[in-house]
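The values are calculated or read from the model by the stated rules, or taken from the named source; none is laboratory data. In this text, all values refer to a predicted model and were calculated from it rather than measured experimentally. Counting neighbours? That spans all protein chains shown, and the Cβs are built from the backbone with ideal geometry, glycine included. Heavy atoms of the whole protein, side chains included, go into the accessibility calculation; ligands, DNA and RNA do not. Shrake-Rupley method; radii C 1.70, N 1.55, O 1.52, S 1.80 Å.
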Amino acid sequence: MVLLLAMSLLPATRGAFAETQALRGEVVDENNAPIAGAVCTLVGPTLPEQGRPVTTGDRGGFEFTGLIPGTYQLTCAAVGYEPVAQGDIHITEAPAPTLQVALPAEVIIRQKVEVSAQAEKVTTQSTTPPAKLGEQQLKSLPLVQQKFKAALPLVPGVVRTPDGRIAIKGAIENQGTLLVDSAETVDPVTGSFSIEVPIDAVESVDVFKSAYRAEYGRFSGGLTTVETKAPSSKWDFELNDFVPSPRIRSGHIVGIEDDSPRLYVAGPIWGNKITASEALTYDYSRQPVRGLAWPNNENKREGVTSFTDVYFVLSSQHVASVNFKLFPYRRQFDNLDTFIPQPAAADYAQSGYSIGGNDRYLLQGGGILTTLVQFTQFDSYSHGQGLQDLLVTPNGWGGNFFNSWTRSSAQQEILENYQFARKQWRGRHDFKTGGNIVHRAYTGTSHSQPVQVLRADGTLAEQVTFSSAGELTTHDTELAAYIQDHWAFNDHLALDYGLRFSGQTLGEAAAVSPRTGFVYSPGQRGKTIFRGGVGVFYDRLPLLAGDFTQNPTRTVTLYDTEGTPLGPAVTYQNYYLKFNEQGNSIVPTGEKLGSTPYNVTWNAEFDQEFRPGVVGRVSYLASRTSNEFTVDPKLVSSTNGLLLLSNRGASRYHELETTLRVRPRASADINISYVQSAARGDLNTMSSVFVPYEQPVIRPNLFATLPTNIPHRLVTWGRFALPRQFTVSPLLDWHSGFPYSSFDALQNYVGPPNDQRFPAFLSLDLQVTKQFRIPFVPWFRKHPLTGGVRVFNLTDHGNFRDVYSNVTSPYYGHYAGFQHRFFDVSLDILY
């Protein structure tokens with residue numbers, strides 16, 4: 001069915017489909033020994049303009065599949081070796097011969113210091129290379145979940161907050177964006193990274209803290225891009241992690257704690273003309289929360305993620321692909337922690353799908369026209385465990401969670417890009433232009449039950465009631481166009497510059513985003529490289545802001561210790577307050593907001609190769625975001641108030657990063673990064689108040705240290721290939737404790753917000769894998785198995801998640817939610 005739908009979306013093409021071929025080879029050193037972990041990049045017709053990179057396996061092998069006839073260029077490089085480029089590789093109708101690429105010792109500086117080793121001339125390098133996580137790192141490093149999102153905190157400047165969200169340069173994921181094969185892949189309503197792609201379908205993950213190419217837009221935080229594998233022209237089969245982890249209590253197995261089997265199948269549907277792949281993951285887990293009594297201390301998660309990709313070669317100049325994603329998921333007791341027991345926790349569920357097509361056409365003059373179309377349907381809902389009032393006490397929550405909602409959303413995206421053939425004028429120019437249209441819309445409901453705020457002695461201090469259920473609906477359409485150029489003056493200096501224009505029907509009607517960056521190497525061998533740039537980035541407007549005035553209104557009543565109201569109840573009407581150059585204006589319900597958050601980022605970077613196999617980086621980045629949407633309660637009279645949504649929010653972030661990569665030999669790879677950073681901003685942003693769950697008590701907004709602020713962080717990881725096909729991959733993460741605030745009986749701040757910190761976090765994780773064969777079973781003699789053991793928090797360090805932060809609690813200042821050492825096992829089959 002997916003195949004038929006895919007074929008129906010393709011443009012009509014004369015003649016038969018063209019054959020595709022595969023290019024295979026191996027990378028070796030001067031002694032003919034294989035080099036594992038080398039990066040080979042192929043550039044050619046209809047491939048992405050930056051080329052398609054692959055990482056060599058343990059035996060130095062690489063493979064590029066789905067290639068149409070034409071002329072290609074191949075560059076292979078590895079830390080500790082001189083890169084080798086080979087041009088004029090002719091792919092014809094006949095199978096291509098196997099290549100052997102020999103890398104001599106001694107290297108120049110690498111394009112990507114953090115996690116890759118691709119070396120190119122300075123003129124072809126990006127002015128803002130991303131941190132790159134390849135397939136090898138995703139599968140070999142110890143990750144708590146076998147998902148690409150779990151690997152993002154390996155990148156310097158990326159942290160995972162205690163509630164599980166990703167923060168890039170101090171901004172949570174809702175302010176960034178996720179592109180999968182160039183298509184936006186987030187929850188259309190909240191912007192959260194809620195749409196997973198199975199890790200077995202992922203070829204690489206790039207994380208940009210600064211992306212100065214004008215083609216990128218719709219974010220004020222970080223940019224994360226995922227490239228998926230092209231379906232192979234020969235059959236591949238993988239069954240990974242199919243052994244469930246037992247749930248052990250008091251020395252007895254009492255069920256399954258975690259089970260996440262993954263299936264990947266790829267191969268030809270019609271020779272080399274149509275190839276397809278299917279990646280499927282089933283995810284089931286029951287994770288305990290320390291501080292609560294078993295068996296009522298577990299949150300339960302279950303879901304399926306499917307990614308289907310069909311690849312068509314229509315002619316020697318024309319390639320198209322269609323993909324289909326499916327992502328139903330359910331989380332029971334999702335916000336469970338030490339202070340929120342199961343009855344007071346909320347459930348979350350999502351369902352949906354997306355279907356997209358990508359068409360690349362190589363024109364006779366050498367230009368490449370790319371068209372992308374994607375439709376996403378994303379439905380979600382959340383509710384509590386019952387109809388009791390939520391009780392907010394100094395020692396935690398009781399009753400049932402107060403808010404329930406439903407959201408049915410859809411997003412349509414059309415993108416058109418044109419890459420010009422290379423021009424010569426005072427150097428080399430790579431011009432690119434294009435634009436896109438994105439339409440988002442959703443309908444939903446929001447209903448809330450009363451909230452009671454209790455004192456330490458159990459008396460009622462405050463009650464919050466709500467009006468009838470809000471019927472929510474809004475939509476937004478954004479149009480954008482851009483032009484950019486990569487200008488290589490010579491082999492030492494290159495400049496990126498461009499301009500992006502965008503407009504939103506709900507937000508800023510016209511916004512201009514100029515960007516520029518440079519890369520410069522003063523030496524002949526490129527061992528020293530300077531980079532820098534500055535750019536303006538406009539975010540997408542949060543849809544929850546578009547229908548804010550339709551939310552249920554809050555009525556607040558305060559009580560003395562005898563249960564007598566201290567005054568009349570105050571009803572807070574929902575209003576939007578826009579700040580502009582002419583002053584303040586109240587925008588009536590249903591009108592356009594007329595404002596969009598935007599960010600200004602600049603950075604400077606210095607890369608140096610100290611000796612073969614030792615590469616270092618020092619960089620500084622500063623980021624300022626303005627026009628963020630914040631929520632702030634304001635008292636107007638003794639009985640009336642306003643819950644104001646305004647565009648006056650702001651945040652500031654800066655970081656100093658030092659990174660060292662050491663590769664003493666092909667079988668060993670060590671990465672060490674230290675980041676010093678600071679993040680400050682408005683606390684009551686839309687995401688912090690309403691995502692993932694609405695806050696029962698909304699405090700006055702303040703500008704202070706952000707919850708994502710981690711002043712000091714050291715992260716180091718490595719990969720070591722040992723004899724007898726053992727691989728050991730350690731990961732050490734140390735950072736300052738997350739900040740937290742103190743509160744009084746009414747849940748108001750006591751002292752400056754986020755002026756206290758948890759103890760420092762320290763986790764040493766380890767993954768050990770080994771390939772082996774079963775000699776008595778013929779099939780397993782030919783196809784090896786890979787067994788693995790993952791150990792997390794090996795030192796059993798006291799990494800606390802929760803703290804009694806209410807000053808009226810008898811336990812004030814005590815930490816809770818200690819995460820003990822735990823382990824996981826895996827077993828993989830590769831065919």
- Count of the stretch 397-423 residues which are modelled with pLDDT under 95, more than 31 Å from the chain's Cα centre (by Cα) and open to solvent by less than 50 Å² (accessible area, probe 1.4 Å): 1
- Message: Given the criterion closer than 30 Å to Ile168 by Cα, among the polar types (S, T, N, Q) and surrounded by fewer than 17 Cβ atoms within 10 Å (Cβ to Cβ), identify the matching residue among Thr528, Thr561.
- Response: Thr528
- Message: I'm checking my understanding of the structure. Among residues of the stretch 455-484 that are surrounded by 19 or more Cβ atoms within 10 Å (Cβ to Cβ) and touching an Asp or Glu at 6+ places or on another chain (Cβ under 7 Å), which one is farthest from Tyr442 (Cα to Cα)?
- Response: Gln484
- Message: Anything in the stretch 437-452 that is assigned to a strand (DSSP E or B), among the polar types (S, T, N, Q) and in contact (Cβ under 8 Å) with a residue 60 or more places away in the chain? List them, or say none.
- Response: Ser446, Ser448, Gln452
- Item | Leading residue by the ranking (farthest from Leu390 (Cα to Cα)) among those in the stretch 437-452 that are open to solvent by 20 Å² or more (accessible area, probe 1.4 Å) and touching a Leu at 6+ places or on another chain (Cβ under 9 Å) | Ile437
- Phe431 passes all but one of the listed conditions (1) open to solvent by 40 Å² or more (accessible area, probe 1.4 Å); (2) closer than 30 Å to Leu390 by Cα; (3) assigned to a strand (DSSP E or B); (4) in contact (Cβ under 8 Å) with a residue 40 or more places away in the chain; the exception is number (2)
- Message: Residues that are surrounded by fewer than 21 Cβ atoms within 10 Å (Cβ to Cβ) and more than 30 Å from Leu415 (Cβ to Cβ): does the stretch 316-325 have at least one?
- Response: no
- Message: Among the residues of the stretch 493-516, are any out of contact with any strand residue (DSSP E or B) (no Cβ under 6 Å at 6 or more places or on another chain), farther than 30 Å from Gln463 by Cβ and in contact (Cβ under 8 Å) with a residue 24 or more places away in the chain?
- Response: yes
- Message: If I go through the stretch 497-538 residue by residue, how many of them are touching a helix residue (DSSP H, G or I) at 6+ places or on another chain (Cβ under 6 Å) and closer than 19 Å to Ser626 by Cβ?
- Response: 1
- All but one of (1) charged (D, E, K, R); (2) outside any strand (DSSP E or B); (3) modelled with pLDDT of 90 or more; (4) under 30 Å from Ala77 (Cβ atoms) hold for Glu562; which doesn't? (4)
- Hits in the stretch 240-270 (condition: part of a strand (DSSP E or B) and modelled with pLDDT of 90 or more): Asn240, Arg262, Leu263, Tyr264, Val265, Ala266, Gly267, Pro268, Ile269
- Note on the structure: For the stretch 609-631, pairs from a residue that is within 21 Å of Ser521 (Cβ to Cβ) and open to solvent by less than 20 Å² (accessible area, probe 1.4 Å) to a residue that is basic (Lys, Arg) and in a strand (DSSP E or B), with Cβ under 9 Å and 6 or more apart or across chains, are Gly613/Arg661; Gly613/Arg663; Gly613/Arg665; Val615/Arg661; Val615/Arg663; Gly616/Arg661; Arg617/Arg661; Ser619/Arg531
- Item | Single residue of Asn799, Asn754 found to be at pLDDT 95 or above, part of a loop (DSSP other than H, G, I, E, B), open to solvent by less than 30 Å² (accessible area, probe 1.4 Å) and over 24 Å from Ser260 (Cα atoms) | Asn754
- How about the stretch 565-584: which of its residues are open to solvent by 60 Å² or more (accessible area, probe 1.4 Å), assigned to a loop (DSSP other than H, G, I, E, B) and at pLDDT 90 or above? Leu566, Pro568
- Query: Do we have Ser192 as of a type in the set (S, T, N, Q) and surrounded by fewer than 23 Cβ atoms within 10 Å (Cβ to Cβ) here?
  - Reply: yes
- Enumeration of residues in the stretch 802-818 that are open to solvent by less than 70 Å² (accessible area, probe 1.4 Å) and in a loop (DSSP other than H, G, I, E, B): Tyr804, Ser805, Val807, Thr808, Ser809, Gly813, Gly817, Phe818
- Take the stretch 738-749 and flag every residue that is out of contact with any Gly (no Cβ under 9 Å at 6 or more places or on another chain) and either over 18 Å from Val803 (Cβ atoms) or buried (at least 17 other Cβ atoms within 10 Å of the Cβ) (or both). Phe738, Pro739, Tyr740, Phe743, Ala745, Leu746, Gln747, Tyr749
- Message: What's the total number of residues in the stretch 659-700 that are within 30 Å of Ala33 (Cα to Cα) and open to solvent by 20 Å² or more (accessible area, probe 1.4 Å)?
- Response: 8
- Residues in the stretch 453-468: is at least one closer than 30 Å to Thr505 by Cβ, among the small types (Gly, Ala, Ser), in contact (Cβ under 8 Å) with a residue 40 or more places away in the chain and not in a loop (DSSP other than H, G, I, E, B)? no
- The residue from Leu656, Leu645 that alone is open to solvent by 40 Å² or more (accessible area, probe 1.4 Å) and assigned to a strand (DSSP E or B) is Leu656
- Message: Looking at the stretch 103-123 only, could you name the residues that are closer than 25 Å to Tyr72 by Cβ and at pLDDT 55 or above?
- Response: Leu103, Pro104
- Item | Residue list for the stretch 92-102, filter: at pLDDT 80 or above and either open to solvent by less than 70 Å² (accessible area, probe 1.4 Å) or assigned to a strand (DSSP E or B) (or both) | Leu99, Gln100, Val101, Ala102
- Task: For the stretch 147-186, name all the residues that are surrounded by fewer than 22 Cβ atoms within 10 Å (Cβ to Cβ), under 10 Å from the mean Cα position of the chain (by Cα) and farther than 22 Å from Ile710 by Cβ.
- Result: Leu179
- Query: Which of the residues that make up the stretch 170-218 are among the polar types (S, T, N, Q) and under 24 Å from Glu655 (Cβ atoms)?
  - Reply: Asn174, Gln175, Thr177, Ser192, Ser204, Ser210
- In the stretch 339-352, residue farthest from the chain's Cα centre (by Cα) [restricted to those that are more than 20 Å from Phe193 (Cα to Cα) and open to solvent by less than 20 Å² (accessible area, probe 1.4 Å)]: Ala344
- Message: Take the residues in the stretch 199-231 that are acidic (Asp, Glu) and under 13 Å from the mean Cα position of the chain (by Cα); name whichever of them is least open to solvent (accessible area, probe 1.4 Å).
- Response: Asp206
- Where a residue in the stretch 235-253 is among the acidic types (Asp, Glu) and its partner, wherever it lies, is open to solvent by 50 Å² or more (accessible area, probe 1.4 Å) and part of a strand (DSSP E or B), with Cβ under 6 Å and at least six apart: Glu238/Leu830
